[in-house]
């Protein structure tokens, strides 16, 4: 599946370093920074706007650009948005029904989340882009190399979904919800969303629809869940 030796080694090294550094950052660095920066807005700007982009977005983008000719989707394709892609934004309707409908059932009525804070929307500005560049732009893009059938593509999407699930482990551990995320089957939603974003990337050969849908979903969760 990963034919080029240099790209394969780079993929593996980046994956090991990426998960290791992020686990350390989320479990130990984030709490320390939160204590040092009492303002919630400033903390989110520093963490999601600066640190996460340095650790996630920048390295992944540089790798995509460097290996652009060997990847399934070139750097130029990934960052292009064409008019025919816009039809996939209709998926946002189903995401809205899923999130808002679930919230209405749980709270027996329509209302914003009692835990919602405007500062959470800062995360929406950065998270969708950074996570899609890493997981669909580089990891999936590389894993898809050599796939010729829908089954092979499905395996690549499944691997990517498991990788996307695993990156949530550090924050679940730091927030004390690791076990509950599995016992409540919340992890299934993460896997399904990853597969959905992968599907959009494969169909459009672009990251933008996945980025928009990802950010939109996160905004809905903050507002209603």
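The values are calculated or read from the model by the stated rules, or taken from the named source; none is laboratory data. Since we're looking at a predicted model, the values are computed, not measured. Here the Cβ positions follow ideal geometry from the backbone for every residue, glycine too, while neighbour counts run over all protein chains shown.
See the values below:
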| read-out | value |
| --- | --- |
| Elements of type helices (runs of 4 or more DSSP H) in the stretch 119-225, at least 2 residues being at pLDDT 95 or above, under 19 Å from residue 64 (Cα atoms) and in contact with a helix residue (DSSP H, G or I) (Cβ under 8 Å, 6 or more places away or on another chain) | 120-132, 150-166, 186-204, 208-224 |
| Residues of the stretch 108-160 classified as over 19 Å from the mean Cα position of the chain (by Cα) and closer than 22 Å to residue 61 by Cα, total | 2 |
| Check on residue 188, surrounded by fewer than 16 Cβ atoms within 10 Å (Cβ to Cβ), more than 13 Å from the chain's Cα centre (by Cα) and closer than 19 Å to residue 125 by Cα | no |
| Residue match in the stretch 142-154 (condition: within 25 Å of residue 46 (Cα to Cα) and in contact (Cβ under 8 Å) with a residue 24 or more places away in the chain) | no |
| Failed condition for residue 196, given (1) more than 13 Å from the chain's Cα centre (by Cα); (2) over 20 Å from residue 19 (Cβ atoms); (3) surrounded by 15 or more Cβ atoms within 10 Å (Cβ to Cβ) | (1) |
| Filter result (in contact (Cβ under 8 Å) with a residue 40 or more places away in the chain and surrounded by 15 or more Cβ atoms within 10 Å (Cβ to Cβ)) within the stretch 161-172 | 163, 167, 169, 170, 171 |
| Tally of residues being over 23 Å from residue 24 (Cβ atoms), out of contact with any helix residue (DSSP H, G or I) (no Cβ under 6 Å at 6 or more places or on another chain) and surrounded by fewer than 17 Cβ atoms within 10 Å (Cβ to Cβ) across the stretch 41-76 | 4 |
| Pairs where the first residue, in the stretch 98-119, is farther than 19 Å from residue 214 by Cβ and the second is surrounded by fewer than 12 Cβ atoms within 10 Å (Cβ to Cβ) and modelled with pLDDT of 85 or more, C-beta under 6 Å, 6+ apart | 104/110 |
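A quick yes/no check of all residues on (1) at pLDDT 95 or above; (2) over 18 Å from residue 10 (Cα atoms); (3) assigned to a helix (DSSP H, G or I):
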residue	(1), (2), (3)
35	no, yes, yes
41	no, yes, yes
44	no, yes, yes
52	no, yes, yes
58	yes, no, yes
61	yes, no, yes
65	yes, no, yes
72	yes, no, no
